Amino acid sequence: MPDKLKIVGGHPLSGQIPISGAKNAALPALAASLLTDETIQLSNLPDVWDTGTMRRLLEGLGVRVTRDSTTSWRLSIDSDEAFEAPYRWVKTMRASILTLGPLLAKRRRARVSLPGGCAIGSRPIDLHLAGLSALGARIDLAHGFVEAAVDGRLRGAPYHFERITVTGTENLMLAACLADGYTRLTGCAREPEIQDLADLLNAMGADIEGAGTECIEIRGVTSLGSATHRVIPDRIEAGTFAIAAALIADDAGLELTGCKGVRLEALREVLSPSDVAWDDSGDNLRVGRAETHRPLSVKTAPFPGFATDLQAQLMVLASQGRGVSHIEETIFENRFMHVAELVRMGAHIDLTGGMARVHGPTPLSGAATMATDLRASACLVLAGLIAEGETSVDRIYHLDRGYQRIEQKLRSVGARIERIEA
Ligand code: EPU
């Protein structure tokens with residue numbers, strides 16, 4: 001039996017929550033260790049399951065990982081013989097695909113299990129493969145694996161992403177920085193995590209310009225060296241707690257520490273009609289409770305649009321809005337698994353295709369619920385914080401993939417929440 005969370009709702013939150021490093025910046029940064037024979041030192045890594053999965057995957061690929069603390073690791077290559085990312089890791093974490101670009105670029109050969117579908121949608125990797133082919137890789141799909149190889153070095157080339165993809169952009173950046181010649185990527189994702197990866201690679205000696213814009217230019221180099229890098233704070237974790245504050249902070253609001261400069265403009269804009277105090281002028285981000293719960297109108301989009309990774313959590317706030325909120329999911333076709341659970345807790349939500357209409361306000365009542373994916377789990381935790389009575393959230397291994405001890409962080413600001421260990 002997996003661990004569960006038990007939450008007793010209705011207890012206002014106040015105080016400080018430290019924000020961890022960004023999972024989605026840490027994973028490509030860890031994969032970058034495959035590109036160099038020297039040591040890279042990463043700090044502010046989140047202590048979550050996904051970074052643990054990436055560590056085990058990299059160890060299988062000959063990377064020695066020395067953990068100076070849970071959040072500060074040194075990575076260096078012991079052996080460069082292996083080139084396979086096995087199904088056992090890829091099936092638990094799709095971001096394992098981020099080893100494909102570096103393995104091809106450095107070891108000239110890669111065999112990475114195909115990820116297959118997942119709870120939030122089909123999530124193909126065709127654009128990763130098309131981009132790597134444009135750089136000269138030969139790619140075959142056989143026995144559930146991507147088998148890729150190149151004679152000599154990858155070759156710099158132009159490539160346009162027909163659809164914006166975050167890890168696709170990262171995989172191509174990782175590969176192209178060791179390619180022979182100039183690569184111009186257009187249609188790139190602009191997420192802050194991409195900029196963070198470029199900062200690390202440039203510190204290792206790569207020549208990447210334009211990360212954070214739609215066009216990234218990479219001049220290939222023959223080798224990369226060592227670097228020390230601090231991973232950026234997790235904007236999705238910060239956004240999740242900001243929504244918790246809007247729902248149930250006390251008069252002083254919640255203060256999120258260690259996340260100066262975190263890019264949450266789209267969330268701030270969505271919250272502003274509900275008069276949510278938002279102060280990021282100091283070192284910390286302070287967020288207050290919504291003074292008026294207005295209905296919300298949100299469409300998820302690639303950065304700088306509203307993040308799909310905050311859609312589920314926002315739906316809890318929408319359930320408290322006076323009127324009909326519209327939440328449209330445009331990135332993943334099946335990212336509404338939380339809706340049925342929220343409805344069981346008393347929310348009134350109609351779902352048609354990619355659009356959820358949330359009729360509020362509805363009081364929520366505590367219930368036994370089941371997590372289906374990472375962000376859906378966070379949504380159920382937020383719902384439990386405002387629900388009357390007790391909520392349990394089962395299968396929280398989903399939550400542990402991306403949130404560092406969420407129950408401890410919430411308990412420290414006054415929530416009644418505990419983990420029931422299996
Ligand atoms: N897509 C394709 N072909 C591809 C790649 C993507 O059609 O080759 C489609 C996807 O199916 C999806 C859209 O493009 O409809 C965008 O997917 P993207 O590739 O950007 O997603 P990802 O890189 O697999 C990352 C994050 C996700 C986050 C999305 C969107 C990491 C490790 N994961 O996934 O994070 O939801 O970008 O912002 O960076 C999470 O943290 O909970 C999470 C799921």
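The values are calculated or read from the model by the stated rules, or taken from the named source; none is laboratory data. These numbers come from a predicted model, not from an experiment. Glycine also receives a Cβ, built like all others from the backbone with ideal geometry; neighbour counts cover every protein chain displayed. When the accessible area is computed, the model is the full protein with side chains, heavy atoms only, and any ligands, DNA or RNA have been set aside. Shrake-Rupley method; radii C 1.70, N 1.55, O 1.52, S 1.80 Å.
Among the residues of the stretch 277-285, is there at least one that is assigned to a strand (DSSP E or B), assigned by TED's automatic domain parsing to the domain that holds Leu380 and either aromatic (Phe, Trp, Tyr) or within 15 Å of the ligand (Cβ to nearest atom) (or both)? Within the stretch 277-285 (the criterion being assigned to a strand (DSSP E or B), assigned by TED's automatic domain parsing to the domain that holds Leu380 and either aromatic (Phe, Trp, Tyr) or within 15 Å of the ligand (Cβ to nearest atom) (or both)), the answer is yes, since at least one residue qualifies.
When restricted to residues that are open to solvent by less than 10 Å² (accessible area, probe 1.4 Å) and within 15 Å of the ligand (Cβ to nearest atom), the stretch 197-215 contains 3.
Restricted to the stretch 13-44, and to residues that are surrounded by fewer than 18 Cβ atoms within 10 Å (Cβ to Cβ) and under 22 Å from Leu410 (Cβ atoms), which residue is farthest from the ligand (Cβ to nearest atom)? Per the criteria, the residue is Ser14. Where strands (runs of 3 or more DSSP E) sit wholly within the stretch 105-194, those with at least 2 residues that are of a type in the set (Gly, Ala, Ser) and away from the ligand (no atom under 13 Å from the Cβ) occupy 109-113, 145-149. Just so you know, in the stretch 328-382 the residues that are among the acidic types (Asp, Glu) and surrounded by fewer than 18 Cβ atoms within 10 Å (Cβ to Cβ) include one that is farthest from the ligand (Cβ to nearest atom), and it is Asp350.
Looking across Ala383, Ala376, one residue alone is touching a His at 6+ places or on another chain (Cβ under 7 Å) and outside any loop (DSSP other than H, G, I, E, B). It is Ala376. Any chance the stretch 187-198 includes a residue that's without any contact (Cβ under 8 Å) to a residue 12 or more places away in the chain and closer than 20 Å to Arg263 by Cβ? No, the stretch 187-198 has no match at all.
Only a single item in (1) open to solvent by less than 20 Å² (accessible area, probe 1.4 Å); (2) out of contact with any Lys or Arg (no Cβ under 8 Å at 6 or more places or on another chain); (3) part of a strand (DSSP E or B) is not met by Thr228, and it is number (1).
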